[in-house]
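See structure below.
The values are calculated or read from the model by the stated rules, or taken from the named source; none is laboratory data. None of the values given here were measured: they were computed from a predicted structure. Glycine also receives a Cβ, built like all others from the backbone with ideal geometry; neighbour counts cover every protein chain displayed.
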Amino acid sequence: MRVNSILLTFAVFILLALPVKALQVVPLAELNETFYPGDFVDLGIVMINNESRQINLTVEQYILYPGLAPMPFFEEITIPPQNDTMITDMSFDIFNESTSGQYAHVVRIYKEDKIIAEKIRMFFVESGAQDKLSGIMVTVCADSECDDMRPVFVLGETAYIMAEADQNPDISGYVEFPDGNFASLQFADDIATFNAGSAGDYAIRLMLVRDGFDVEEIERNITFVKEAAKSTYYFCNETKDGVCETCPVGEDPDCMKIAEMNDFYLPIAIIAAVIVIAGLLAFWILKGKKGKIGA
């Protein structure tokens, strides 16, 4: 018992003999190891001057975010003797959009350009933020090779819906009918097919899902018609082949020739018709006069 008493007395003597730090950097709250959306990260810091004279300091402070270079904030601080002051508070809230990963709060105290104190606190953030899918491509085609991409189909044709992304997500979706009904799409090798039973406008709605990534919702509209529209040629044969193709007048020389002939012969035909009609009228008038004279 006597030995224990001697050791205890010696320990107290040593603690009392230790000098009190001239400057103390004290956090207002302990940090959790990990923070989640809705949490508050309290980074408040108080500096205590234990000296009998005032001290002039420079404080460097920053938060080290995942994947970002630090942006230090400097401020000049004067603390009266036996007093304390709070430095700029860098506390913040955690949101779903916050970046997940390891963070660090760094505080360095300078006196005459020399570091006299430093405090670094590490913590983690687990948020709801996720990466976005990349390389997304959704196409609607009339063939499985997707050589014929188009939004309009004739009843009886098959619409091929192709969806893909770099991360190979799971793909699901459905087709909304003009009357509001739905039909699910079954994807195999990123391709689904659809055949309409009636003409109208249909909406294709897809969902691309992969763990660790935001869900992507994509919509495409397609139309089914009863019969194909008459083809219109936008690039006509510009050689004189004796065929006037169905295209705007002025692109095919044969169509121009026909138009020129119409412009030439149409007035002549009209004049001839007028002459014939006038002759017939004159004939009937003269015939009527002769009939009266004979009577």
Identity of the residue in region 148-200, surrounded by 14 or more Cβ atoms within 10 Å (Cβ to Cβ) and of a type in the set (Asp, Glu), that ends up nearest to Lys226 (Cα to Cα): Glu157
Residue check for Gly128: small (Gly, Ala, Ser) and under 30 Å from Ile222 (Cα atoms): no
Residue count for region 75-103, restricted to those that are farther than 14 Å from Thr34 by Cα, aliphatic (A, V, I, L, M) and touching a Phe, Trp or Tyr at 6+ places or on another chain (Cβ under 9 Å): 1
Pair list, Cβ under 6 Å, 6 or more apart: region 206-221 residue within 15 Å of Asp166 (Cα to Cα) and not assigned by TED's automatic domain parsing to the domain that holds Gln167, other residue at pLDDT below 90 and outside any strand (DSSP E or B): none
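For (1) at positive phi; (2) over 53 Å from the mean Cα position of the chain (by Cα); (3) modelled with pLDDT of 95 or more, each residue gets a yes or a no:
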{"site": "Ile6", "(1), (2), (3)": "no, yes, no"}
{"site": "Val12", "(1), (2), (3)": "no, yes, no"}
{"site": "Leu18", "(1), (2), (3)": "no, yes, no"}
{"site": "Ala29", "(1), (2), (3)": "no, no, no"}
{"site": "Glu51", "(1), (2), (3)": "no, yes, no"}
{"site": "Ile63", "(1), (2), (3)": "no, no, yes"}
{"site": "Gly67", "(1), (2), (3)": "yes, no, no"}
{"site": "Met71", "(1), (2), (3)": "no, no, no"}
Selection status of Tyr160, over 16 Å from Val25 (Cα atoms) and in contact (Cβ under 8 Å) with a residue 24 or more places away in the chain: yes
Out of Lys119, Lys114, sole residue that is without any contact (Cβ under 8 Å) to a residue 12 or more places away in the chain and charged (D, E, K, R): Lys114
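Can you find, within region 147-185, the residue that is farthest from Lys132 (Cα to Cα) among those that are of a type in the set (Phe, Trp, Tyr) and in a strand (DSSP E or B)? It would help to see each step written out before you state the result.
Of all residues in region 147-185, those of a type in the set (Phe, Trp, Tyr) come to 153, 160, 174, 177, 182.
Those left that are additionally in a strand (DSSP E or B): 153, 160, 174, 182.
Numbers: Phe153: 33, Tyr160: 25, Tyr174: 22, Phe182: 28 Å.
Step by step, filter region 147-185, then rank; the result is Phe153.
Restricting the search to region 123-137, which residues are loosely packed, with under 14 Cβ neighbours inside 10 Å, touching a residue at least 40 places away in the same chain (Cβ under 8 Å) and part of a strand (DSSP E or B)? Write out each step before concluding.
Initially, region 123-137 is screened for residues loosely packed, with under 14 Cβ neighbours inside 10 Å, giving 128, 131-132, 134-135, 137.
Okay, now just the ones that are also touching a residue at least 40 places away in the same chain (Cβ under 8 Å), so 128, 131-132.
Within region 123-137, just Asp131 meets the criteria.
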Total residues in region 78-87, condition surrounded by fewer than 13 Cβ atoms within 10 Å (Cβ to Cβ) and closer than 17 Å to Arg108 by Cβ: 1
Among (1) modelled with pLDDT of 95 or more; (2) surrounded by 15 or more Cβ atoms within 10 Å (Cβ to Cβ); (3) more than 30 Å from Thr223 (Cβ to Cβ), the one test that Val140 misses: (3)
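One line per residue, one yes/no per condition, for (1) more than 30 Å from Asp170 (Cβ to Cβ); (2) in the same structural domain as Tyr65 (by TED's automatic domain parsing); (3) assigned to a loop (DSSP other than H, G, I, E, B):
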residue: Glu97; (1), (2), (3): no, yes, yes
residue: Val106; (1), (2), (3): yes, yes, no
residue: Ile109; (1), (2), (3): yes, yes, no
residue: Ile120; (1), (2), (3): yes, yes, no
residue: Glu145; (1), (2), (3): no, no, yes
Test: residue in region 74-82 that is modelled with pLDDT of 95 or more and within 16 Å of Tyr103 (Cβ to Cβ): no
Residue in region 186-194 that is aromatic (Phe, Trp, Tyr) and in a strand (DSSP E or B) present: yes
Odd one out for Ser98 among (1) more than 30 Å from Glu219 (Cα to Cα); (2) surrounded by 15 or more Cβ atoms within 10 Å (Cβ to Cβ): (1)
